[in-house]
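Quick note: the coordinates plus some simple rules give every number you see, no bench work behind them. As the structure is a computational prediction, the values presented were derived from the model and not from experiment. Virtual Cβ from ideal backbone geometry, glycine too; neighbours counted across all protein chains shown.
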Amino acid sequence: MIHKLTLQNFKGIESAEVGLERLTIFVGPNASGKTSVLQALHLLSQIANPDLSRNDATSVQASVAMLLKREQATGLVRTNGQVRGRPFTLQAQISEAAKPSEAIAIEGSWEGNAFVLHFPTHRPKPATFRNDAEAPPKEALRDWGASSLLRFESRKLAEKSHAESITPRIQSDGSGLASVLAQMALNRPDDFAELQTALKAIVPQVVRVRLSLAEIIRQEMETIRLDEQPIARAVSRKYSGHRILLDLMGASDVPSEGASEGTLLILGLLAVLFSTPRPKLVLLDDLDRGLHPKAQKDLVTQLRKLLERDPELQIIATSHSPYLVDHLDPKEVRLSTVLPDGTIRFAELMQHPDFERWKEVMRPGEFWSTVGENWVGSVQEKPHE
């Protein structure tokens, strides 16, 4: 679990230190740094992940400079926490001016022993240890790096999909959901049944989730030779995949394209949370999107059940809904704001000077709606212990 995140010159954030709980929800105006927190956590976990694929590593390398605060040459992302019950820290210096022969240095400590990893920028690949004698077990980095950053699009969640590996995964935008559900239904029916139970608890209109075979046509490029000269051309290829069907109260065989946005978003989130290997850190933008206030309450209830079942799981999300915040513990709420000079600041809801006075008569969401975020800039930053 990550207890604290420290940022310097990251996107719009000049300097911030934010405490994190196992369930932490960031609220505040648009463009006030909420999504930046998710991106920072995901970036560091990807860099340190020993299982990072070459394609993912290339994507990380390409985005590093874009995540720096404007007009700043270097930035810092640091996390402090525990992995498998042991103290663990990771930090990365990111630089816009990194030469092709240089690498991002990832410094860390494992049970008090320092180590350094190198993430090459000229030939993106997973980070390597500079000193294996001081390295933590790969399992520890794997747990630390097992994160999912979710910014779902309902159109992508609803698409038919074709699995290209034995263990398909859902992409950040929701692509691949049908393949993940099909693999789960076939190989892990108990998990699939639990997922449906959780979905029905949040969206009672859902009776059952089913998968059917579907033909998928993909446009691909192939190279042929004509008079010994290579020529690239586009071709259409057919694959066997899956599509999602929903049985709803009063309506059967509803294709995923006809399902509500909220239903698809919850189905995608639960598929990630029930996936194998299960992520240890789930980062989700707009947790409340498309959900009725009661469904938001039921979602929080289901998330707590999953957190109780897996003590290593941590969920960090953003929201704009006071109804969802009403069902949180006040210590789980973080507020963000932008000061007149453009500085982004964060604070815990409990740091409001009148919180102790009003906590017995107002729910967290009601209190937030009443006090807003303007007070955040006047609060002395309080590192989370």
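Values for this structure:
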item	result
Three principal axis lengths of the range 191-237 [C-alpha, angstrom, descending]	63, 16, 15
Under 24 Å, Cα to Cα: Lys pairs in the range 233-347, sequence gap 8 or more or different chains	8
Solvent-free Debye scattering, log10 I(q)/I(0), computed from the Cα coordinates of the range 151-239 at q = 0.10, 0.12, 0.19, 0.22 Å⁻¹	-0.39, -0.51, -0.98, -1.18
Sequence ranges 30-36, 41-47, ranked by mean other-Cβ count within 10 angstrom, highest first	41-47, 30-36
Burial order of peptide ranges 260-273, 194-207 (average beta-carbon count within 10 Å, highest first)	260-273, 194-207
Gain upon complete extension [THR197, LYS297; 0.36 nm per residue less C-alpha separation]	34.4 nm
Alpha-carbon spread of the range 293-370, three principal axes, descending order, Å	42, 30, 22
